[in-house]
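Notes follow once the structure below has been shown.
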Amino acid sequence: MSKNPGNILVVDDNEDLLLAARLFLKQHFALVHTEQDPEKIPSLLNNENYDVILLDMNFTMDATSGVEGLMWLDKILQIDPSA
């Protein structure tokens, strides 16, 4: 099976979810980068072009509002408006 040339970034604080995402996605895509720390998003975006970013919406334990994810989405769009 050939891999899609796309580059994917998965950002989530759940290590198990990142492992599962990496194991599944690396079968289908050329580059799969997983990251637990959303603070690293700006440097990652400055060093690599991603075709898809899968972003957790809550990084604080027991948070459910999605505010953190929306904040990071805004920062991503400031860095790369075409993201």
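Among LEU18, PRO42, PHE29, whose Cα sits farthest toward the positive end of the charge dipole of the stretch 6-52 (+1 at Cβ of Lys/Arg, -1 at Cβ of Asp/Glu, about the Cα centre)?
Toward the positive end, the furthest listed residue is PHE29.
Could you work out how far helix 67-79 tilts from the main Cα principal axis of the chain, as a 0 to 90 degree angle to the nearest 10?
Approximately 60 degrees, to the nearest 10.
Taking Cα atoms, how many degrees apart are the long axis of helix 15-25 and the longest axis of the chain, rounded to 10 and kept between 0 and 90?
30
Please compute the contact order of the chain in relative form: average sequence separation of alpha-carbon pairs under 8 Å and at least six residues apart, divided by the residue count, as a percent. Walk me through the intermediate numbers first.
Numbers: 115 pairs, mean separation 25.9, N = 83.
Rounded, it is 31 percent for the chain.
Taking the beta-carbon count within 10 Å as an exposure proxy, list VAL11, VAL52 from fewest neighbours to most.
With the sparsest Cβ surroundings first, the list reads VAL52, VAL11.
What does the charge dipole of the chain about its Cα centre add up to, to the nearest 20 debye, if the Cβ of each Lys and Arg holds +1 and the Cβ of each Asp and Glu holds -1? Present the calculation step by step, with values, prior to reporting the outcome.
On the way: 5 positive and 14 negative charges, 91 e Å.
Around 440 debye, computed over the chain.
What's the local net charge at SER43, with K and R +1, D and E -1, over the other residues with C-beta under 15 Å away?
It works out to a net charge of -3.
If only Cα atoms are counted, what is the Rg of the chain, and what is its Dmax, in Å?
12.9, 40
Values in this text are rule-based calculations from the coordinates and carry no lab data. Note that the structure is predicted; figures quoted are calculated from it, not measured. All Cβ positions, even for glycine, are placed from backbone atoms using ideal geometry, and neighbour counts span all protein chains on display.
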